[in-house]
Every structure is written in structure tokens, then in C-alpha cells.
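Take a look at the structure below.
The values are calculated or read from the model by the stated rules, or taken from the named source; none is laboratory data. All of these numbers come straight from a predicted model, not from anything done at the bench. Neighbour counts run over all protein chains shown; Cβ positions are idealised from the backbone, glycine included.
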């Protein structure tokens, strides 16, 4: 009897071992491919990639699908579809732009019809942003007073906000869980086919961090591959000197290929500050009243209207403002050196030269790169 029981348990153990080996062979392997970031010439080496969301080829691919999939609203009715790509148009440097068929004046609105507080900022080279997102920097990595700190959180805000997608995160993750192809992509990206909104945030953030512009005419000039015209060179000198247009303090210059410091400035647009969402609303520092982020000037001719409230419709208007209409207040940034005479006082020729230089920051490859474009098919259409 004991001998038979021993034989029985031995056979049972063998069957368990064989079953485990079989299951281990059938279990898919989670091995995402690290995303290779080739840092462009003269660009910073320090990037804002969270330790808990390393970029992978699979994660960026999934993020691209989610970025453009209108079902990110958590709805499937054709009139209720909305995604990041609805407003962030690649041809406009991932901003709505002045020519959007629905959104006028640079302001966008969600499915509710509620208009956003500020005009949009472009999604460009944000992997190098270390100092907060949004016009007032309300998302900030090192801010201990908020749970919203990075691009991942921006995704959640965009989905929930009534003036943007106005969705429900639970419905969103449940919907994508039911769509063929998505669970497999989530497994390949994050090791689990059970979709969480946290992983939706991570995937879209990875895609946005992959959006890099570094091949404008000025980039090729820095590498010795192309020459600037005399007007463009004159504009470059104006851009990078205090005696000229004095742009470089806030927007960088030849030594700052991002063409923004990612910092916040009161640039003399107003003397009375009524907007409750300026930089002061975040810091409580009185000197931050009327201060907003200096946006990148890359592809700037496509991202109008300009300033946080879209008050200027063209580059000519912006250049004219900085030349003649800067206003003094106690909160104006000290870098606005020419405020006491109303601006930098550029001549008409200098204005044209400055605009010619700014146009050398146009990166056509960024606007047409298929890796950044809307997919031809979504996972359930493959």
C-alpha cells in the first residue's frame, strides 16, 4: 500500500513538473526594446525621462496609437470621439494653429464646448523640459505641493478636463481593454495585458517625448551643412545681442538649440494682471504676476496666435510689440532691458531680418515625419 502511494505521488510530481514546463514554454515573454535616443548635435544631454517610465520602442508605438485614437474619450459614437491628435496637429508643430477647421483664435474646446483658459502650447522637444509644463508651469517635477508633476499627469488632466476631452478614466481603460489588439500591445509595452489608465498615461507620454525637432535650416547651419543668407545672419545677430532685438535671454540662441529656457517671464504685455492662471497662481511670488512660459521658437510661424491669450495673430505683430509697445510695471522681468523706451525700437529692415532668422527654425521633417503621424490603421483594424 505504502509502495503504491509512493509511486502515485512520484507520478503526480512528475506531471506537475511537466505541466509547469509546458506552461512556461507557452507563457509569452515580456522583453520591451529600449528606445534609442540619438541626441542631436548641440542639444542637452540631460533629458526628462522618469525612472518609472523608461522609453521603449513598444511603448512609443502604443503611445502613438493612443495619441491619435478618438476613443480616448471613453466613447465610440462618431460625434463623441476626441484624442490628443484632435487638437495637437502635426502639420502645426502639434498645436491647433490658426488654420484649424474647428478651433478659432488658438483656443480649443472639449466635447462639452467649454473653451480652454489659454491658447495651446506646441508638443515639441519636451523631453528636454525640466521646469514645468503649461503656460504657468503647474506641472512641475519638483513641486511638493501637487500630485501633478510630469507629462504622464498631463494625459490624465487632458482626459478629465471639461475644456478638453472631458472623459472618465475608468471608462477609457475599460473601453481599450475591450478593443482587439490593445491588450497585446500593453503586454508588450508594460508586461501586463490588463490595461490601467496609469499605463495609458505612460505610453502617451513616451510618444510625446519622442517628438524631436532638430533639422531646421539653422541646425544645418550650425553643423556647417548650409549657409544663412545675409538677411538671416543679420537677424541672428539681432536675436543674440542686447543692443539688437534682445531675444536670447528668454529664448536662447546659438548655444541653446531648444530656443526656449522653459522659464517664465513677465514680458511687458500689460500693467494690470487679472488672469488667475499666471505664474503667480503657482508660486505665490508677487514678482510672478503676469509671467508666463517662454515657448520654443522652433516652427513658431505655424503655432500662432501668439502669447498665452492669443492676442497677436502674426509674427509681424509680435516683433512690432517687442519693438515699440512693451509696458512697464513693477513685475516686469529685469531682462526686458528696453522697457523704458517701449521696446527695442527695430527699424523696418531689422524687423524683416529678424523674421528671416526666425524662419530658419522651420523644420519641415518634423512636420512630416511618419513616425509622428496618425497611424493608417489602429490595432483592431490590422
Here the residues within the stretch 364-382 that are part of a helix (DSSP H, G or I), surrounded by 16 or more Cβ atoms within 10 Å (Cβ to Cβ) and within 17 Å of the chain's Cα centre (by Cα) are 366, 367, 372
Note on the stretch 252-277: residues buried (at least 20 other Cβ atoms within 10 Å of the Cβ) and within 19 Å of residue 323 (Cα to Cα) are 252, 265, 266, 267, 268
| said: Given the criteria closer than 18 Å to residue 181 by Cα, touching a helix residue (DSSP H, G or I) at 6+ places or on another chain (Cβ under 9 Å), part of a loop (DSSP other than H, G, I, E, B) and at pLDDT 90 or above, does residue 32 qualify? | reply: yes
task: Would you mind stating whether residue 331 is on the phi < 0 side of the Ramachandran plot, surrounded by 15 or more Cβ atoms within 10 Å (Cβ to Cβ) and assigned to a helix (DSSP H, G or I)?
output: no
* To do: Inspect the stretch 308-328 for any residue being within 30 Å of residue 68 (Cβ to Cβ) and surrounded by 21 or more Cβ atoms within 10 Å (Cβ to Cβ) and give the result as yes or no.
  => yes
The number of residues in the stretch 253-280 that are on the phi > 0 side of the Ramachandran plot and more than 19 Å from the chain's Cα centre (by Cα) is 1
The one condition residue 109 fails out of (1) modelled with pLDDT under 95; (2) in contact with a strand residue (DSSP E or B) (Cβ under 7 Å, 6 or more places away or on another chain); (3) more than 24 Å from residue 175 (Cα to Cα) is (3)
Every listed condition ((1) assigned to a loop (DSSP other than H, G, I, E, B); (2) crowded, with 19+ Cβ neighbours inside 10 Å; (3) touching a helix residue (DSSP H, G or I) at 6+ places or on another chain (Cβ under 8 Å); (4) at pLDDT 95 or above) holds for residue 295 save (3)
Filtering the stretch 207-234 for residues that are over 30 Å from residue 186 (Cβ atoms), part of a helix (DSSP H, G or I) and within 24 Å of the chain's Cα centre (by Cα) leaves a count of 4
Those residues of the stretch 342-363 which are part of a helix (DSSP H, G or I) and in contact (Cβ under 8 Å) with a residue 24 or more places away in the chain amount to 350, 351, 352, 353, 354, 355, 356, 357, 358, 359, 360, 361
